[in-house]
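Everything below concerns the one structure shown next.
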Amino acid sequence: MGKAKMTKTSGYHDTRFAFDPKREVLWKTLCSCYFQRFVTKEACVLELGAGYGHFINNIDCTRKIALDIWPGMLDYLSPAVEGHIGNATDLSCIPDNSVDFVLASNFFEHLTQNDFAIILEQLRVKLKPGGTLTIVQPNFRFAYREYFDDYTHISIYTDRSVMDFLTLNGFSVIECIPRFLPLTLKSRIPVLPFLISLYLAFPFKPLGKQMLVRAKVAE
């Protein structure tokens, strides 16, 4: 990187989170088979920590906004997506009372609890009445052995602690799925749409180490 200042996330997208076409298959299927039911055609959707844009590119809605601190994100977004480079603790680029659906996937475990609280405080203003926040991330209860294989994980959360933290910060939990997805794509199991659909429909998910929590601003 020459004389550029090194940070703990320098090179993260070349090593731990390198581009993998299997993620596009996964998120395209997740959007069509699961997330789209919560997003209307007219909705405004915001993705925090959008990375390669797999979710925001594939969700069907009128307005799509992606935010990430990684400048490389812009190279992967479709023309229909508004890309913003910056820290999620500053959501001033997002109009108040404008967002219907927020997704934060594998995001909050990379932040301090203080930053998490700051983001939630801002989202309470950015979300429309009835708007929702969906969190997908590793559940430490089931992924404790692998949790810190990712050297950028700095905060520990379980499904229980995330629900408590959301409640503490002005949100009401709508749904919690402690085991929603496997932890990683790095396995010999093929990533195919019909297998993903089958997994989502299966009531028991022994490989599930990522949780899903949906919440709205408390009344």
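The values are calculated or read from the model by the stated rules, or taken from the named source; none is laboratory data. Since the structure is predicted, the reported quantities are computational estimates derived from the model, not experimental observations. Quick reminder, even Gly has a Cβ in these numbers, built from the backbone with ideal geometry, and neighbours come from all protein chains shown.
Here is how the numbers come out for the structure above:
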| quantity | calculated |
| --- | --- |
| All strands (runs of 3 or more DSSP E) inside the range 104-219 with 3 or more residues being touching a Cys at 6+ places or on another chain (Cβ under 8 Å) | 208-217 |
| Residue match in the range 73-93 (condition: over 30 Å from residue 151 (Cα atoms) and outside any helix (DSSP H, G or I)) | yes |
| The one condition in (1) modelled with pLDDT under 95; (2) under 24 Å from residue 25 (Cβ atoms); (3) not aromatic (Phe, Trp, Tyr) that residue 219 fails to fulfil | (2) |
| Flag if residue 50 is in contact (Cβ under 8 Å) with a residue 12 or more places away in the chain, over 16 Å from the mean Cα position of the chain (by Cα) and closer than 27 Å to residue 199 by Cβ | no |
| Residue satisfying condition, being farther than 20 Å from residue 35 by Cα, of a type in the set (D, E, K, R) and in contact with an Asp or Glu (Cβ under 9 Å, 6 or more places away or on another chain), within set 109, 121, 219, 146 | 109 |
| Conditions (1) in contact with a helix residue (DSSP H, G or I) (Cβ under 6 Å, 6 or more places away or on another chain); (2) modelled with pLDDT of 95 or more; (3) not hydroxyl-bearing (Ser, Thr, Tyr); number of the one not met by residue 191 | (2) |
| Matching entry among 133, 168, 183, 111 (being of a type outside the set (Lys, Arg) and over 15 Å from the mean Cα position of the chain (by Cα)) | 168 |
| Options 28, 41; residue that is of a type in the set (Lys, Arg), modelled with pLDDT of 95 or more, under 22 Å from residue 101 (Cβ atoms) and more than 17 Å from the chain's Cα centre (by Cα) | 41 |
